[in-house]
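Remarks on the structure that follows.
The values are calculated or read from the model by the stated rules, or taken from the named source; none is laboratory data. As the structure is a computational prediction, the values presented were derived from the model and not from experiment. Using ideal geometry, Cβ is built from the backbone for each residue, glycine included, and neighbour counts are taken over all protein chains shown.
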Amino acid sequence: MSVILIEGGKKLSGALTVQGAKNSVLPMLAATVLCPGVCCMKGCPELSDVETAGQIIRRLGGEVHREGPDLVVDTRNISACEIPRELMCRMRSSVMFLGAILARCGEAVCSQPGGCDLGPRPIDLHLHALRALGAQIKEENGRLHCRCGKLRGAEIFLQIPSVGATENAMLAACQAEGTTVISNAAREPEIVELQDFLRAMGASVRGAGSATVVIEGRKKLHGCTHLVRPDRIVAATYLCAAAATGGCVCLRRAEYRHMASVLCVLQGSGCDVRSDGCGICLKSSGRLRAVPPVRTSPYPGFPTDAQAIMMAALLRSKGSTVFVETLFSDRYRHVPQLQKMGAQIRTRGQTAIVTGTENLHGTAVQATDLRGGAALIVGGLQAEGITRVEQIHHIERGYADIVGDLAGLGACIYTEK
Ligand code: UD1
């Protein structure tokens, strides 16, 4: 089992180009299933989750291959409609294929998806949206059997602005007859990117980025080429790492507007953060101060995916910062690991209070989930001595080369096979 070793205390400086966004690529890969065609995803990150999505497409009868940094998907010969349990349980986004397969084949069989363990992650809103479009869904022996005669456009209200349910509904609605209106839709930039991708395929979708997304279904779809947008959570990770260690980094392609809530917290902690036209630059003395409460919420609020990473950035800050996690019930699993390094964090229910300390020390820690694992790396970069991060397969689900990227910025970090 590979581990990541970090010797803390090095300032970060330099520039790097941010990888393509995982949470954009995965629903777009599901979207390729909607029509028989060839799609090219330019700048598609090499991640284990992307590999899993590719395996799902191959099981359905499609072909997937890499051409350098790009991923080419040929869905002309898709004929199967079933996703094996073993692939479903590797990631949450496997459920995104449900709407697309149903739309393409009129039938889909899968099981409950896996993904990071952040507390219960139901898919009731996904199923509610598909049922509203005319799908009949039954669960038998842990397998979901979905069928539809013809999908029909519908008014879909989501009780929670779920990212995944909004995306699943958008995909299925592209092949439904008539107009679909999704209300209380998620507004994340990844929804807007999915809209861009679907439009490039010939679909009629509008409103993404607002709470109402409207789809006119049954347009003739075809393959397309799309340049994947940069990953805002990966960008946040590197900015938090530089903020905590001190130094000056520039992240090419990072989009200021999409990261405003994270950048605002970094500015409040004492960092100089600015957009230089081709990305985001951050300068930090490495001595941060505590910030007003950080409360996670759907976009444009502070992203839950950046909660653990920001917490790690503030481990040596002056004063105490309160975190409130409102999206997931068990998203402080990184805390006991950070505490092993000497972090002063108290949690109670959905609240965590971080009090800065001078005494972070390297030790062996285990990644418990993707972003929690990245937080351990941000902690290790500031700790005295060697931090050994184990269970790094969680981190590899979302970071194409976190070790190479941070080493390129001057960190003392490497992977031991
Ligand atoms: C997506 C992101 C994930 C991020 C999350 C919240 C991808 C691949 N993953 O996950 O990184 O942490 O958004 O920004 O894009 N919910 C239900 N029923 C449902 C669906 C969701 O109750 O059917 C609840 C969830 O438990 C959670 C909330 O809605 O409390 C938001 O979840 P959602 O936006 O759906 O997250 P994901 O799409 O799974």
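When you go through GLY372, GLY349 one by one, which is the residue that is exposed (fewer than 15 other Cβ atoms within 10 Å of the Cβ) and within 16 Å of the ligand (Cβ to nearest atom)?
Exactly one residue qualifies, and that residue is GLY349.
Tell me the residue from GLN175, GLN195 that is without any contact (Cβ under 8 Å) to a residue 60 or more places away in the chain and either within 16 Å of the ligand (Cβ to nearest atom) or out of contact with any strand residue (DSSP E or B) (no Cβ under 7 Å at 6 or more places or on another chain) (or both), please.
So the residue among GLN175, GLN195 that is without any contact (Cβ under 8 Å) to a residue 60 or more places away in the chain and either within 16 Å of the ligand (Cβ to nearest atom) or out of contact with any strand residue (DSSP E or B) (no Cβ under 7 Å at 6 or more places or on another chain) (or both) is GLN195.
Condition check: hydrophobic (A, V, I, L, M, F, W, C) and surrounded by fewer than 17 Cβ atoms within 10 Å (Cβ to Cβ). Does CYS271 satisfy that?
Considered against the rule, which asks whether it is hydrophobic (A, V, I, L, M, F, W, C) and surrounded by fewer than 17 Cβ atoms within 10 Å (Cβ to Cβ), CYS271 comes out as no.
So ARG253 ticks every box in (1) in contact with a Cys (Cβ under 6 Å, 6 or more places away or on another chain); (2) surrounded by 16 or more Cβ atoms within 10 Å (Cβ to Cβ); (3) not hydrophobic (A, V, I, L, M, F, W, C) but one. Which box is left unticked?
(1)
From the list GLY356, GLY286, GLY372, GLY362, which one is within 24 Å of VAL249 (Cβ to Cβ), in contact (Cβ under 8 Å) with a residue 60 or more places away in the chain and within 22 Å of the chain's Cα centre (by Cα)?
Testing whether each residue is within 24 Å of VAL249 (Cβ to Cβ), in contact (Cβ under 8 Å) with a residue 60 or more places away in the chain and within 22 Å of the chain's Cα centre (by Cα) leaves just GLY372.
Against the condition small (Gly, Ala, Ser), free of Cβ contacts under 8 Å to residues at least 24 places away in the same chain and either crowded, with 18+ Cβ neighbours inside 10 Å or closer than 23 Å to VAL38 by Cβ (or both), how does SER162 come out, does it pass?
Against the criterion (small (Gly, Ala, Ser), free of Cβ contacts under 8 Å to residues at least 24 places away in the same chain and either crowded, with 18+ Cβ neighbours inside 10 Å or closer than 23 Å to VAL38 by Cβ (or both)), SER162 does not qualify.
Yes or no, residue by residue, for (1) within 18 Å of the chain's Cα centre (by Cα); (2) within 14 Å of the ligand (Cβ to nearest atom); (3) closer than 21 Å to ASN23 by Cα; (4) in a loop (DSSP other than H, G, I, E, B):
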position: ALA254; (1), (2), (3), (4): yes, no, yes, yes
position: HIS258; (1), (2), (3), (4): yes, yes, yes, no
position: VAL262; (1), (2), (3), (4): yes, yes, yes, no
position: GLN267; (1), (2), (3), (4): no, no, no, no
position: ARG274; (1), (2), (3), (4): no, no, no, no
position: LEU282; (1), (2), (3), (4): no, no, no, no
position: ASP305; (1), (2), (3), (4): yes, yes, yes, no
position: PHE328; (1), (2), (3), (4): yes, yes, yes, yes
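Scan the range 306-324 for residues that are surrounded by 24 or more Cβ atoms within 10 Å (Cβ to Cβ) and in contact with a helix residue (DSSP H, G or I) (Cβ under 7 Å, 6 or more places away or on another chain) and jot them down.
ALA306, ALA308, ILE309, MET310, MET311, ALA312, ALA313, LEU315, PHE323
Can you report the number of residues in the range 352-396 which are touching a Lys or Arg at 6+ places or on another chain (Cβ under 8 Å) and closer than 20 Å to ASP117 by Cβ?
Going through the range 352-396 one residue at a time, the tally reaches 6.
Working only within the range 84-101, note down all residues that are crowded, with 18+ Cβ neighbours inside 10 Å and away from the ligand (no atom under 16 Å from the Cβ).
ILE101
Among the residues of the range 319-326, is any in contact with a strand residue (DSSP E or B) (Cβ under 6 Å, 6 or more places away or on another chain), of a type in the set (S, T, N, Q) and within 13 Å of the ligand (Cβ to nearest atom)?
Yes; the residues of the range 319-326 include at least one that is in contact with a strand residue (DSSP E or B) (Cβ under 6 Å, 6 or more places away or on another chain), of a type in the set (S, T, N, Q) and within 13 Å of the ligand (Cβ to nearest atom).
I'd like the residue in the range 109-153 that is away from the ligand (no atom under 16 Å from the Cβ) and of a type in the set (Gly, Ala, Ser) and, out of all such residues, is nearest to GLU216 (Cα to Cα).
GLY153
Name the strands (runs of 3 or more DSSP E) wholly inside the range 141-250 in which the number of residues that are modelled with pLDDT of 95 or more and of a type in the set (S, T, N, Q) is 3 or more.
179-183
Is it the case that VAL18 is β-branched (Val, Ile, Thr), more than 15 Å from the ligand (Cβ to nearest atom) and within 27 Å of CYS281 (Cα to Cα)?
Yes, satisfied.
Kindly evaluate SER94 against the criterion of being polar (S, T, N, Q) and touching a Pro at 6+ places or on another chain (Cβ under 7 Å).
Against the criterion (polar (S, T, N, Q) and touching a Pro at 6+ places or on another chain (Cβ under 7 Å)), SER94 qualifies.
Of LEU315, LEU338, which residue is more than 30 Å from GLN159 (Cβ to Cβ), in contact (Cβ under 8 Å) with a residue 12 or more places away in the chain and outside any loop (DSSP other than H, G, I, E, B)?
LEU338
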